[in-house]
Amino acid sequence: MVVRGLFADKGLERNLGFWIPLLLVILIAALGHWVAKAFFWALIVVVPLLAIAIWDLFQDRHSLRRNYPLTARFRWLFEDLRPFLRSYIVEGPLEGRPYDHVSRALVYARAKKQEDAHPFGTELDVYSEEYEALCHSINPNPRAPKRTRVKVGTDQCSKPYEAARLNISAMSFGALGNHAIEALNMGAKIGDFYHDTGEGGLSPYHLKHGGDVVWEIGSGYFGARDKDGNFDPGAFGEKSQHDQVKMTEIKLSQGAKPGHGGLLPAAKVTEEIASTRQVPAHQDCLSPPGHSAFSTPREMLEFAAKMRELSGGKPVGIKLCVGMPHEVFAICKAMLDSGITLDFIVVDGGGGGTGAAPLELSDHVGLPLRIGLYYVNNALIGTGLKDKIKLAASEKVFSGSAIAMNAALGANWCNAARAFMFSLGCVQSLRCHTGTCPTGVATSSPARQRGLVIPEKAQRVANFQSKTLDSLHDIVVACGLDSPDDFTPRHLRQWKNNAEMIPWSQIVHEVAPGKLLHEPDDTPFAEYWRMADPDTFKPTL
């Protein structure tokens, strides 16, 4: 059967990966015998190729390798190299997903303190429907403060925190290696901004260099769980009172895979990571889709209040990718009804995510950031809670303009994950989940992490954050404002059609303060308000 396949139906052509090594072996053997024995050295290369071809002919797992021995393997080689080849050879400056070359180059330049100005005008099509602009003022304000911060903490919080306008978003130890975690935290210390732990627990590397930390608690309660995987108040209380832990955050969902939970593959669950997470080593580490500590808006707030008490009065917030809008309004109703308020809310967008996730969830589950901000911002304004509860945005933030645009839609500050990975040297090889990250960022391999020199990368992290806030300040000045808090939907415009560019204030309509409490039927959110119940996340019909 195999012999017939070598000759039938263009067998000679299909099986060149077998015939060429075979002929070379014969030729080299002949030359070594009749001309010079030095030719035999070439067999070191050729014989293994022939052995691979013979193996491919007889194996029964891959059709291509069976029909095209040896040469079929080039398919997998080029598939592995595809992200690099596209990035370096094929893609144009504005192509590439999820971040194009221009965006990545901007982060690299700022991280290295290199020239980040762009020559010869924008490469964007300013008449494309995707184009958007921030409106500047004829009367700029050069007296605007260069750095402003956001005070986080309601009157129920005894230890408020002053947050920077740009911080490191949630990336877990395990998803990232310890060198990356150390470099990020050292950079946060240098630049005076915070570093979110992600749901993977509070590791020694988050605390090693003294940077401010926000401890994220997900549904797996990693680092604060008992043997059954439930929340352990004692473990949480002890660790959350560490001086570096400035705030704690309940992760309800994330943009990459909302409502799905998380997975750290067994290959990345080392003994050290398992110890930090309090899970078995070398096994898949799963966090369930939902929390076991609560199941209703009211119970969630009671859990938040418990966390605030256990942490010694530090701010407590939630992070979510918005799905059903009525759930946001249910949380606000629960705050009004119970008297327990959150200190902050971080809105993640459906386009976010540093780790791997099921493609269907990444592509089609969860609302984009701006729509999520629209609902959360209006829910807070309409219930009179906006002045108390701070709002943060986290999805594809890499520039001052991105921060300003999110501020125009209600965000007090922004968090970035992938941009800070670029500042560490990430080349978007899309191997975050395999443990084979070529730059040593998203891997626990000591050999691969060797390339990531912590002090040098930490300075780049701080440089990127500082230069990006400089850019934000330039935009605040150009718009004639005093701080990013002064941006409104009127400052952000996009094309409605080929002839009309409209402000976001005509796209998203902010409710009047407190209007949901008195005249909900006169708002665009009347249906969601009726559906919202403080004692269930399910809609009340």
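The values are calculated or read from the model by the stated rules, or taken from the named source; none is laboratory data. Since we're looking at a predicted model, the values are computed, not measured. Neighbour counts run over all protein chains shown; Cβ positions are idealised from the backbone, glycine included. Ligands, DNA and RNA are stripped out before the accessible areas are found, and what is left, the full protein with its side chains, is counted by its heavy atoms. Shrake-Rupley method; radii C 1.70, N 1.55, O 1.52, S 1.80 Å.
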* What number of residues within region 130-157 satisfy the criterion of being open to solvent by 100 Å² or more (accessible area, probe 1.4 Å) and touching a Lys or Arg at 6+ places or on another chain (Cβ under 9 Å)? -> 3
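Given the criteria open to solvent by 10 Å² or more (accessible area, probe 1.4 Å) and closer than 25 Å to Phe294 by Cβ, does Ala170 qualify?
yes
Listed here are the residues, each with its yes/no results for (1) within 22 Å of Pro204 (Cβ to Cβ); (2) open to solvent by 20 Å² or more (accessible area, probe 1.4 Å); (3) at pLDDT 95 or above.
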position: Ser240; (1), (2), (3): yes, no, yes
position: Pro289; (1), (2), (3): no, yes, no
position: Pro315; (1), (2), (3): no, no, yes
position: Ile318; (1), (2), (3): no, no, yes
position: Cys321; (1), (2), (3): no, no, no
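Counting just the residues of region 157-181 that are assigned to a strand (DSSP E or B) and in contact (Cβ under 8 Å) with a residue 24 or more places away in the chain, which one comes out farthest from Cys437 (Cα to Cα)? Quick ask: steps written out before the conclusion?
Taking region 157-181 first, the residues assigned to a strand (DSSP E or B) are 161-163, 166-168, 173, 176.
With in contact (Cβ under 8 Å) with a residue 24 or more places away in the chain added as a condition, the list becomes 161, 163, 166-168, 173, 176.
On the way: Tyr161: 35, Ala163: 31, Leu166: 26, Asn167: 23, Ile168: 20, Phe173: 15, Leu176: 10 Å.
The selected residue is Tyr161.
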* Asked: Would you call Ala356 open to solvent by 10 Å² or more (accessible area, probe 1.4 Å), under 18 Å from the mean Cα position of the chain (by Cα) and at pLDDT below 95?
  -> yes
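Taking the condition over 30 Å from Thr536 (Cα atoms), of a type in the set (D, E, K, R) and open to solvent by 30 Å² or more (accessible area, probe 1.4 Å), does Glu272 pass? Can you show your working first?
Values: over 30 Å from Thr536 (Cα atoms): yes; of a type in the set (D, E, K, R): yes; open to solvent by 30 Å² or more (accessible area, probe 1.4 Å): yes.
In short, yes.
A quick yes/no check of all residues on (1) hydrophobic (A, V, I, L, M, F, W, C); (2) in a loop (DSSP other than H, G, I, E, B); (3) closer than 25 Å to Gly317 by Cβ:
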residue	(1), (2), (3)
Asn415	no, no, yes
Thr434	no, yes, no
Pro455	no, no, no
Gln459	no, no, no
Val508	yes, yes, yes
* Run down Val427, Val441 and say which single residue is assigned to a loop (DSSP other than H, G, I, E, B), touching a residue at least 60 places away in the same chain (Cβ under 8 Å) and open to solvent by less than 30 Å² (accessible area, probe 1.4 Å). => Val441
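Every residue in region 200-218 that is in a loop (DSSP other than H, G, I, E, B) and open to solvent by less than 10 Å² (accessible area, probe 1.4 Å), please. Walk me through it before giving the result.
Initially, region 200-218 is screened for residues in a loop (DSSP other than H, G, I, E, B), giving 200-203, 208-211, 218.
Correct list: Gly200, Gly201, Ser203, Gly211, Gly218.
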* Can Tyr161 be described as open to solvent by less than 90 Å² (accessible area, probe 1.4 Å), of a type outside the set (D, E, K, R) and at pLDDT 95 or above? -> yes
* Structure fact -> The residue from Thr154, Thr148 that alone is closer than 24 Å to Ala304 by Cα, of a type in the set (Val, Ile, Thr) and either assigned to a loop (DSSP other than H, G, I, E, B) or in contact with a Ser or Thr (Cβ under 9 Å, 6 or more places away or on another chain) (or both) is Thr154
* Structure fact -> Note: among Asn178, Asn230, just one is farther than 21 Å from Val453 by Cα, out of contact with any strand residue (DSSP E or B) (no Cβ under 6 Å at 6 or more places or on another chain) and surrounded by fewer than 24 Cβ atoms within 10 Å (Cβ to Cβ), namely Asn230
* In region 15-28, what count of residues is obtained for those that are open to solvent by less than 40 Å² (accessible area, probe 1.4 Å) and either more than 17 Å from Trp55 (Cα to Cα) or within 50 Å of the chain's Cα centre (by Cα) (or both)? -> 5
* Structure fact -> With the first residue restricted to region 212-232 and required to be charged (D, E, K, R), and the second required to be open to solvent by less than 10 Å² (accessible area, probe 1.4 Å) and part of a loop (DSSP other than H, G, I, E, B), Cβ contacts under 8 Å at 6 or more apart or on different chains are Asp212/Phe193; Glu216/Thr197; Glu216/Gly198; Asp232/Tyr221; Asp232/Ala224
* **Matching residues, region 275-286, being surrounded by fewer than 20 Cβ atoms within 10 Å (Cβ to Cβ) and either under 13 Å from Gly200 (Cα atoms) or under 21 Å from the mean Cα position of the chain (by Cα) (or both)** => Ser275, Gln278, Asp284, Leu286
* Asked: Can you find even one residue in region 488-509 that is crowded, with 16+ Cβ neighbours inside 10 Å, in contact with a Gly (Cβ under 7 Å, 6 or more places away or on another chain), in contact (Cβ under 8 Å) with a residue 12 or more places away in the chain and closer than 21 Å to Asp387 by Cα?
  -> no
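The rows are residues; the columns are (1) in contact with a helix residue (DSSP H, G or I) (Cβ under 8 Å, 6 or more places away or on another chain); (2) within 23 Å of Pro438 (Cα to Cα); (3) modelled with pLDDT of 80 or more.
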| site | (1), (2), (3) |
| --- | --- |
| Leu81 | no, yes, no |
| His101 | yes, yes, no |
| Ala109 | no, yes, yes |
| Lys112 | yes, yes, yes |
| Glu130 | no, no, yes |
| Leu134 | yes, no, yes |
* What single numbered condition from (1) open to solvent by less than 20 Å² (accessible area, probe 1.4 Å); (2) in contact with a helix residue (DSSP H, G or I) (Cβ under 9 Å, 6 or more places away or on another chain); (3) part of a helix (DSSP H, G or I) fails to hold for Ala235? -> (2)
* Structure fact -> When (1) within 20 Å of Asn185 (Cβ to Cβ); (2) surrounded by 16 or more Cβ atoms within 10 Å (Cβ to Cβ) are applied to Pro484, the one that fails is (1)
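Just for region 190-199: of the residues that are in contact (Cβ under 8 Å) with a residue 40 or more places away in the chain and over 18 Å from Val346 (Cα atoms), which one is least open to solvent (accessible area, probe 1.4 Å)?
Here is the first cut: in region 190-199, the ones in contact (Cβ under 8 Å) with a residue 40 or more places away in the chain are 190-191, 193-194, 196, 199.
Okay, now just the ones that are also over 18 Å from Val346 (Cα atoms), so 190-191.
Values: Ile190: 86, Gly191: 27 Å².
The selected residue is Gly191.
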* For region 475-487, does any single residue satisfy the condition of being outside any helix (DSSP H, G or I), charged (D, E, K, R) and farther than 30 Å from Val150 by Cα? -> no
* Looking at Gly451, Gly480, which one is over 23 Å from the mean Cα position of the chain (by Cα) and small (Gly, Ala, Ser)? -> Gly480
